[in-house]
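The values are calculated or read from the model by the stated rules, or taken from the named source; none is laboratory data. Computed from a predicted structure; not experimentally measured. Cβ sites come from the backbone with ideal geometry, for glycine too, and all protein chains shown count toward neighbours. These area figures cover heavy atoms from the full protein model, side chains too; ligands, DNA and RNA do not enter into them. Shrake-Rupley method; radii C 1.70, N 1.55, O 1.52, S 1.80 Å.
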Amino acid sequence: MFCGRHLLVAKLRRADLDAAAGAVEEVARLVARISARWPRTRILLRADSGFARDDLMAWCEANGVDFLFGLAQNERLIAEIESELDLVAAKSRRTGRPERRFKTFMWMTRRTWSRKRRVVAKAEWTQGEANPRFVVTSLRRDECNAKHLYEKVYCSRGDMENRIKECQLDLYA
């Protein structure tokens, strides 16, 4: 876990465990320490789809911690943005350029989530094909519109991936 460039937690886990195994406990420990020192600090967890688990999201919701997690696509999610994908495909064919639109909707998995949550979808057509992406968040529409949430808040998570790679390279050295 990082805060900006600062590594807060690094845990080695067995490869046969789910990516989010132990995440609730680590997040709870870290949030307690941050909140004790800086009680008015707003915390946003940002992670890839491996962490879009009901237990972690429910813990965040119960403890006033915001989250923004990638969400693995599936047929039901893609069907939810079918009209947006049709629109961007048509426009991309006309202009010859990539096109994208964003949509926000409430979503619940069939079996794994305990309640509906806000999902932001990016319906994109690029290089002649669809490139849909999804995130799930606790942030409300009035706090952050869909385009900004995806492009500025979520995608900047990629820079954090660079910090992880830098740490790995340091260890290899």
Inset, instruction - Keeping the other protein chains in place, figure out the carbon and sulfur percent of the accessible area of region 114-158, with a 1.4 Å probe. - result: 45 percent
Inset, instruction - Could you tell me the distance between the Cα centroids of region 104-173 and region 22-80, to the nearest Å? - result: 12 Å
Inset, instruction - Taking 7 Å along the Cα-to-C-beta vector as the label spot, tell me the Asn63-Ala79 distance in nanometres, rounded to one decimal. - result: 3.6 nm
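Taking 2.2 N^0.38 Å as the expected size of a compact globular protein, what ratio does the Cα radius of gyration of the chain give against it, to two decimals? Provide the component values of the computation, followed by the final result.
Details: Rg = 17.7 Å, N = 173, 2.2 N^0.38 = 15.6 Å.
Cα Rg divided by the expected 2.2 N^0.38 Å: 1.14.
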Inset, instruction - Give, in nm to one decimal, the length gained when the segment between Arg5 and Phe105 is fully stretched (0.36 nm per residue of separation minus the Cα-Cα distance). - result: 32.8 nm
Inset, instruction - Could you pull out every residue, at least 5 positions away or on a different chain, whose amide H is within less than 5 Å of the one on Leu139? Hs are placed 1.01 Å off N in the peptide plane, and Pro or chain starts have none. - result: Phe67
Inset, instruction - Measure nothing fancy, just the Cα-based angle from helix 82-95's long axis to the longest principal axis of the chain, in degrees from 0 to 90, nearest 10. - result: 60 degrees
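Rolling a 1.4 Å sphere over the protein heavy atoms, what is the accessible area per residue of the chain, to the nearest Å²?
Here the per-residue accessible area is 64 Å².
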Inset, instruction - Take region 22-104, compute every pairwise Cα distance, and split them into 5 Å bins from 0; I just need the percent in each bin. - result: 3, 12, 17, 15, 12, 11, 9, 8, 7, 4, 1, 0
Legend entry - Cα-based Rg / Dmax (Å) for region 106-173: 16.1, 46
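For Glu143 and Asn131 in one chain, what is 0.36 nm times their gap in residues minus the Cα-Cα distance, to one decimal in nm?
Numbers: separation 12, 0.36 × 12 = 4.32 nm, distance 2.59 nm.
Stretched fully, the Glu143-Asn131 segment lengthens by 1.7 nm.
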